[in-house]
Structures are given as C-alpha cells and as structure tokens.
Amino acid sequence: GSGVNAGMMLANGIYFKVVDSDDWLDEAAFHKLMSVLRFWCRTKEEKRPDLVVCNYVYDHLEEGKTKAVRYGNLFPEQKICRWDEIGCFSPEQYLVMHALIFRTGVLYDCGLKLPEHTFYVDNIYVFEPLPYVRNMYYLDVNFYRYFIGRDDQSVNEKVMIKRIDQQIRVNKLMVDAYINCKNTNKQLKAYMFSYLDIITTISSIMLIRANTEESLQKKKELLEY
C-alpha cells in the first residue's frame, strides 16, 4: 500500500498504472497502449476514458504454462463505453489490478489511500475508485504478465492463512466502500456486489481451511459485518 500511495502523491501523468515488482509488461503491447494514451492526452479532458482495460497473462514460470485473461466479449471494440454498455463478467474476468489503467484524476477524486503495511490492498485499489468511473475503453492486447506459482507468494494458500487478518481488514474496507457508494448505476452496483462476494468467499474459505476455533469465530464475525 505504501508504494502505491507514494506513487499517487508524486504522479503528474494523466494516467496511472501499478506494476508489481514480480511482474512485467509486454513490450509490443506497451507501445500500442502508449500510442492510444498519447492520443487521449491530446484531446479535451472530458473526452478521455476514466478507465482503460487490457488483457493480462498468468505466467506459471516453474510449470512453463501461460494463460491469458481477455475481455473482448464484454466491451465494444475500440469504443469508449459506459457501465450499461458492457456485458456480464465471468468469475475469471473480474477487473483486477493487472488489467487496469486509471485516469489519475479518478484516484484523486475518490480520495484513495491504501492501508500501510498490508497485503491484498490491490483489491481496494480496483474497487473503491469504481463509482467515480464514468466510462471505459478496452484495448485488446496482452499487456501485463502476472508471475505466479512461487511458494512464498502472497496468494499462496498457506501464506494467505498466515496473513488472514490482513485479508479480513481489506475485506471489511471493501464492504465499507460498497455501503458508502453514492453512484446508483445498477450495472456498477451489481458488479461491485459480485466482486465483493468473491473476495468474501475467499476470506471465508481461508478461515475454514485454517480450521481453528479462532478462525471459525473470525469467519462468523466477518459475515455478520
């Protein structure tokens, strides 16, 4: 969280992208994206999309396998669109950090500040600004390469159980963001609720897998919250 907060404070560009230290960007896709962003930077502010979505690729380096997550069936091709113009997301197509480039002003407008010294804050980063996103643009390139499969990675099950209190903290902050959302767009609210449902399910499963009296009590408290 601290790195992203510092980056947002220093950022003076029109668009903002987070790249995790384990991951990397495809060079050809990067040049295509930059060409599109530079075009919008030369247009009037009200004509720029608030959110740009690109494909990303899971890189299981140790297994030598890759899998691309694409959004072409959800967004109109090469067109700035609103929430009510996009399709229904499948469970693997949610708008995660790897896929998103925000207009920097959106992050300022929502007052985003991520918790310090906390893992899993990428879920807040892709969730809290959404009510301030009026329109989006999809670029069909495999831009972000997401490294996965390392034993000590934060999304490893054993690591998640060890850090479950941080996951719960993030989960509750997402509940707060949903409850406090003042944007009444039905498609937006349905998407946010569905994403929150997935994160809460992950939290619940990890607490069940921990299988202690304390973890099961935490699961009950989270669901009550």
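The values are calculated or read from the model by the stated rules, or taken from the named source; none is laboratory data. Quick caveat, the model's predicted, so the values are computed rather than measured. Please note: Cβ atoms are built from the backbone with ideal geometry, for glycine as well, and neighbour counts cover all protein chains shown. We work out accessible area using only protein heavy atoms, side chains counted, and drop any ligands, DNA or RNA first. Shrake-Rupley method; radii C 1.70, N 1.55, O 1.52, S 1.80 Å.
For region 174-195, enumerate the residues that are aliphatic (A, V, I, L, M) and open to solvent by 40 Å² or more (accessible area, probe 1.4 Å). If you could, list the steps in order and put the result at the bottom.
Looking only at region 174-195, we keep the residues that are aliphatic (A, V, I, L, M), and these are 174-175, 177, 179, 188, 190, 192.
Correct list: Ile179, Ala190.
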Check: What are the residues in region 84-102 that are of a type in the set (A, V, I, L, M, F, W, C) and touching a strand residue (DSSP E or B) at 6+ places or on another chain (Cβ under 8 Å), if any?
Finding: Ile86, Leu95, Val96, Ala99, Leu100, Ile101, Phe102
Next item on the list: Take Gly111 and decide whether it is closer than 22 Å to Cys181 by Cα and exposed (fewer than 11 other Cβ atoms within 10 Å of the Cβ).
Entry: yes
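For every residue, the table says whether it meets (1) of a type outside the set (Phe, Trp, Tyr); (2) touching a residue at least 40 places away in the same chain (Cβ under 8 Å).
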site	(1), (2)
Val175	yes, yes
Asn183	yes, yes
Phe193	no, no
Leu196	yes, yes
Thr201	yes, no
Next item on the list: Please specify each residue of region 152-195 satisfying the condition of being over 17 Å from the mean Cα position of the chain (by Cα) and basic (Lys, Arg).
Entry: Lys158, Lys162, Arg163, Lys182, Lys186
Next item on the list: Given the conditions (1) of a type outside the set (A, V, I, L, M, F, W, C); (2) surrounded by fewer than 18 Cβ atoms within 10 Å (Cβ to Cβ); (3) not in a helix (DSSP H, G or I), report the number of the one that Lys220 does not fulfil.
Entry: (3)
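In this structure, is Ile198 open to solvent by less than 40 Å² (accessible area, probe 1.4 Å) and within 20 Å of the chain's Cα centre (by Cα)?
no
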Notebook entry, point to check: All but one of (1) more than 19 Å from Glu46 (Cα to Cα); (2) surrounded by 14 or more Cβ atoms within 10 Å (Cβ to Cβ); (3) of a type outside the set (Val, Ile, Thr) hold for Glu77; which doesn't?
Noted result: (2)
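Would it be correct to say that Phe119 is in a loop (DSSP other than H, G, I, E, B), surrounded by 14 or more Cβ atoms within 10 Å (Cβ to Cβ) and at pLDDT below 95?
Numbers: in a loop (DSSP other than H, G, I, E, B): yes; surrounded by 14 or more Cβ atoms within 10 Å (Cβ to Cβ): yes; at pLDDT below 95: yes.
Yes; evaluated as a whole, the condition is true for this residue.
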Next item on the list: Any chance you could count how many residues in region 75-106 are farther than 21 Å from Phe147 by Cβ, in contact with an Asp or Glu (Cβ under 9 Å, 6 or more places away or on another chain) and not in a strand (DSSP E or B)?
Entry: 7
Item checked: Residues of region 59-74 satisfying the condition of being surrounded by fewer than 18 Cβ atoms within 10 Å (Cβ to Cβ) and assigned to a strand (DSSP E or B) -> His60, Lys65, Thr66, Lys67, Ala68
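Suppose the filter is part of a loop (DSSP other than H, G, I, E, B) and modelled with pLDDT under 95; does Pro49 pass it? Break it down into steps so the answer makes sense when it comes.
On the way: part of a loop (DSSP other than H, G, I, E, B): yes; modelled with pLDDT under 95: no.
No; evaluated as a whole, the condition is false for this residue.
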Note to self: Looking for something more than 19 Å from the chain's Cα centre (by Cα) and over 19 Å from His98 (Cβ atoms) - is there at least one such residue anywhere in region 20-31?
What the structure shows: no
Notebook entry, point to check: Name the residues in region 203-217 that are without any contact (Cβ under 8 Å) to a residue 24 or more places away in the chain and assigned to a helix (DSSP H, G or I), would you?
Noted result: Ser204, Ile205, Ile208, Glu213, Glu214, Leu216, Gln217
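Could you tell me which of the residues Arg38, Arg48 is closer than 17 Å to Tyr132 by Cα and either out of contact with any Pro (no Cβ under 9 Å at 6 or more places or on another chain) or touching a residue at least 12 places away in the same chain (Cβ under 8 Å) (or both)? Explain how you work it out, then say what you get.
Numbers: Arg38 fails: closer than 17 Å to Tyr132 by Cα.
So the residue among Arg38, Arg48 that is closer than 17 Å to Tyr132 by Cα and either out of contact with any Pro (no Cβ under 9 Å at 6 or more places or on another chain) or touching a residue at least 12 places away in the same chain (Cβ under 8 Å) (or both) is Arg48.
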Next item on the list: Filter region 140-173 down to residues that are free of Cβ contacts under 8 Å to residues at least 40 places away in the same chain and under 18 Å from Met97 (Cα atoms) and give me whichever is surrounded by the fewest Cβ atoms within 10 Å (Cβ to Cβ).
Entry: Val155
